[in-house]
Amino acid sequence: MSHLVAPSLLAADFANLASEVEMINDSEADWIHLDIMDGLFVPNISFGFPVVEAVSDLASKPLDVHLMIVDPDRYLERFRDAGASYLTVQFEACNHLHRTVTEIRRLGMKAGVALNPHSPVILIKDILPYIDMVLLMTVNPGYGGQTFIPGSFNKIGELRSMIDEGGYEVLIEVDGGVDLHNAPMLVHAGVDVLVAGSTVFSSSDPAETIRRLREPV
C-alpha cells in the first residue's frame, strides 16, 4: 500500500474553514486530520463537536480524529455521531485502554492509539491485535509548527518491526514536524500515514504541497 496524507486542520485558516476543507477535498489528500485538545491533557484548546460536525458536512474525505483529552471514554459515541471515521485516543490518557478501543470499534469506527514522544512503543505491544492504527507523536503535543524530534525514527523502526513480526494489520501514523524533506525518510522507515499541518497550510500552494507529500518514494 502506498502511504497516505492527512492534512491537519489545526493549521488551517479558521476564518475560511469551508474553503480550506474544499481545497483538501479537491486535492490528493486521503484523510482530514482533526486534533481535539481540552487544555488539560495538553496546554492548548482547539475545537469541539460543532467544528467536527461542520467539517464532516463539508468533507468528501474520511475524518481522522485525534483526542488529546482526559477521560476520552465520555465522548466516543459523540465523535462517531459528529462524523469521525478514525478515532485515536492517547495511551497516556486511558486507564482501561482495551475497553476504550473495543468500544471505538463497536461503534463502527477504526481505533487508534497515540503515543507521546516520551512513551516507548513496547507499552502498546499487547493492544496491537485490537486496534487499526498507532499514531506516534513526533513533537510534544499541544501546538502546531514544532520541530520534528529526530529520535522518533528509532521508535518508528521498533514499531514497524513489532507490527510486522506479529502479522498485525495496523497502520503507523506520524504527526509533528512532517515536511517535504523528512516525508520520504519517514515512509522509508515504515510510516503509512503522514499528518502535515503547517507544511501544508503555510505553503503558497497547499494542494501542490499535498501532492508532493503524497508522491511515491
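Read-outs throughout are calculated quantities, based only on the coordinates presented, and are distinct from any laboratory measurement. Remember, it's a predicted structure, so these values are computed and weren't measured experimentally. No Cβ is skipped: glycine too gets one built from the backbone with ideal geometry, and neighbour counts run over all protein chains shown.
Looking at the stretch 1-8, can you tell me whether even one residue there is part of a strand (DSSP E or B), in contact with a helix residue (DSSP H, G or I) (Cβ under 6 Å, 6 or more places away or on another chain) and among the β-branched types (Val, Ile, Thr)?
Keep residues of the stretch 1-8 that are part of a strand (DSSP E or B), which gives 4-8.
Pick out the ones that are also in contact with a helix residue (DSSP H, G or I) (Cβ under 6 Å, 6 or more places away or on another chain) and you get 5, 7.
Okay, now just the ones that are also among the β-branched types (Val, Ile, Thr), so 5.
Yes, the conditions are met somewhere in the stretch 1-8.
Any residue at all in the stretch 114-127 that is closer than 15 Å to residue 67 by Cβ, surrounded by fewer than 19 Cβ atoms within 10 Å (Cβ to Cβ) and more than 16 Å from the chain's Cα centre (by Cα)?
Taking the stretch 114-127 first, the residues closer than 15 Å to residue 67 by Cβ are 114-116.
Okay, now just the ones that are also surrounded by fewer than 19 Cβ atoms within 10 Å (Cβ to Cβ), so 116.
Narrowing further to those that are more than 16 Å from the chain's Cα centre (by Cα): none.
No, that holds for no residue.
Within the stretch 163-181, take every residue that is charged (D, E, K, R) and surrounded by fewer than 20 Cβ atoms within 10 Å (Cβ to Cβ) and give me the one that is nearest to residue 131 (Cα to Cα). Even if it seems obvious, please write down each step before you answer.
Of the residues in the stretch 163-181, the ones charged (D, E, K, R) are 164-165, 169, 173, 175, 179.
Subset that is surrounded by fewer than 20 Cβ atoms within 10 Å (Cβ to Cβ): 164-165, 169, 179.
Values: 164: 14, 165: 16, 169: 9, 179: 27 Å.
Applying the filter and picking the extreme gives 169.
Do you know which of the residues in the stretch 37-57 that are in contact (Cβ under 8 Å) with a residue 40 or more places away in the chain and not in a helix (DSSP H, G or I) is nearest to residue 71 (Cα to Cα)?
It comes out as 41.
Go through the stretch 76-113 and give me each residue that's surrounded by fewer than 17 Cβ atoms within 10 Å (Cβ to Cβ) and free of Cβ contacts under 8 Å to residues at least 24 places away in the same chain.
81, 95, 96, 106
Does the stretch 1-20 include one or more residues that are buried (at least 19 other Cβ atoms within 10 Å of the Cβ) and free of Cβ contacts under 8 Å to residues at least 40 places away in the same chain?
No, there is no match, as no residue in the stretch 1-20 is buried (at least 19 other Cβ atoms within 10 Å of the Cβ) and free of Cβ contacts under 8 Å to residues at least 40 places away in the same chain.
If a residue must be part of a loop (DSSP other than H, G, I, E, B) and either buried (at least 23 other Cβ atoms within 10 Å of the Cβ) or of a type in the set (Asp, Glu) (or both), how many such residues does the stretch 64-75 contain?
Just the residues of the stretch 64-75 that are part of a loop (DSSP other than H, G, I, E, B), to begin with: 69-71.
Subsequent filtering for residues that are either buried (at least 23 other Cβ atoms within 10 Å of the Cβ) or of a type in the set (Asp, Glu) (or both) retains 71.
Going through the stretch 64-75 one residue at a time, the tally reaches 1.
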